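In what follows, a single structure is set out as structure tokens and then discussed.
The values are calculated or read from the model by the stated rules, or taken from the named source; none is laboratory data. Being a predicted model, the structure only gives us computed values, none of them experimental. Reconstructed Cβ throughout: ideal geometry from the backbone, glycine too, with neighbour counts over all protein chains shown.
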Amino acid sequence: MSKKIIILLLTLVVTISAVAIRLSSIKPFRLAYTLPPNDLSGKNWDEILNSTSVIDSFKVLNTGSVKVPLSGMLNTKKLKVGNGLEEYLWVDVFVFLFHHKERGWFMIDTGLDSTFQEEGNIKGLLAGNFILESRQRKGQNIAAQLERENKDIKGVFITHLHGDHTGGLPELNPSIPKYIGKGEQYINIPFLYQSNHLTKKDKLFELDWSKGIYKFPFDHILDIFGDGSFLAIHTPGHSSSHLSYLLMTSEGPVLMTGDASHTKYGFTKNIEPGWVDHQETAEKSLSQLIGFSEMYPWIEIIYGHQR
Ligand SMILES: [Zn+2]
């Protein structure tokens, strides 16, 4: 091959790569979200947890399951020898639907789209280290379930921007507002870990947790609707600006830990996830959630990927 052709081919490869990187690193549009004045500061936990709720419906949708390494779900350094746990485990990917009497239907997290009936929508050289396989029945994907539910979704609150929590977005209407913790990183690395779930049409409203109030044991709590019915709790560590949610349903409060604790095992044994953005922060967030559940053991807890 002549020198000229080699140079031409190299230039072509570099150009194609540059275009691919540019296309796959689309940055979603972020907007600051202004919260209504909060209704929490004068109240203690008993008053918040026992208030008459405007949340009159709450549903858990299971959109499929994924096979993941135990070392991602739990910091294996803290596991005792002979714990009986397998090296890999299958975990569920949930969406939570709830209805606010005045504001309508909302979702927490996005679940999985129908690509998870096969190889899923997270690509790249490293993707297989996170999700090894997926299982989904026909009609179990988020769009199919929402169609059956026939709800007008007013917004999606996302615990964090990891692929298994944004994997349902490609089949949701991009005009539905999405809410995330302020500064939450979008993990989408060209060729290595591509989860191109957000397009330029998607708008991410950032919830500024630093404006949240301190209420023991939590550092920052946001009163999303200003009526005490739905709280975002800043629980960073697994991801840069992770949020857990506490929903005061008419059946009682439900704490959704998100991936501050993927599993019940991690929660009951106080073992933070193996996959962390910052380990000590993850330990702190988990111990705050555990402390809260010990103060109010009657609260229902749903872990990131287990009920
Ligand atoms: Zn997850």
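Details
- Scope the stretch 133-161; condition surrounded by 14 or more Cβ atoms within 10 Å (Cβ to Cβ), part of a loop (DSSP other than H, G, I, E, B) and away from the ligand (no atom under 16 Å from the Cβ); matching residues: 140, 141, 151
- Contacts under 9 angstrom Cβ, first residue in the stretch 74-93 being over 14 Å from residue 265 (Cβ atoms) and within 16 Å of the ligand (Cβ to nearest atom), partner assigned to a loop (DSSP other than H, G, I, E, B) and acidic (Asp, Glu), 6 or more apart: 93/109
- When 290, 302 are screened for being on the phi < 0 side of the Ramachandran plot, within 13 Å of the ligand (Cβ to nearest atom), surrounded by fewer than 22 Cβ atoms within 10 Å (Cβ to Cβ) and at pLDDT 95 or above, only 302 passes.
- Some residue of the stretch 231-239 being aliphatic (A, V, I, L, M), within 16 Å of the ligand (Cβ to nearest atom), in contact (Cβ under 8 Å) with a residue 24 or more places away in the chain and crowded, with 17+ Cβ neighbours inside 10 Å: no
- In the stretch 258-287, residue farthest from the ligand (Cβ to nearest atom) [restricted to those that are among the polar types (S, T, N, Q) and crowded, with 23+ Cβ neighbours inside 10 Å]: 285
- Failed criterion for residue 87 (all others in (1) surrounded by 18 or more Cβ atoms within 10 Å (Cβ to Cβ); (2) of a type in the set (Asp, Glu); (3) more than 20 Å from residue 197 (Cα to Cα) hold): (1)
- Residue match in the stretch 211-227 (condition: within 16 Å of the ligand (Cβ to nearest atom), of a type outside the set (Lys, Arg) and not in a loop (DSSP other than H, G, I, E, B)): no
- Filtering the stretch 169-204 to residues that are more than 19 Å from residue 106 (Cα to Cα) and not in a loop (DSSP other than H, G, I, E, B) leaves 189, 193, 194.
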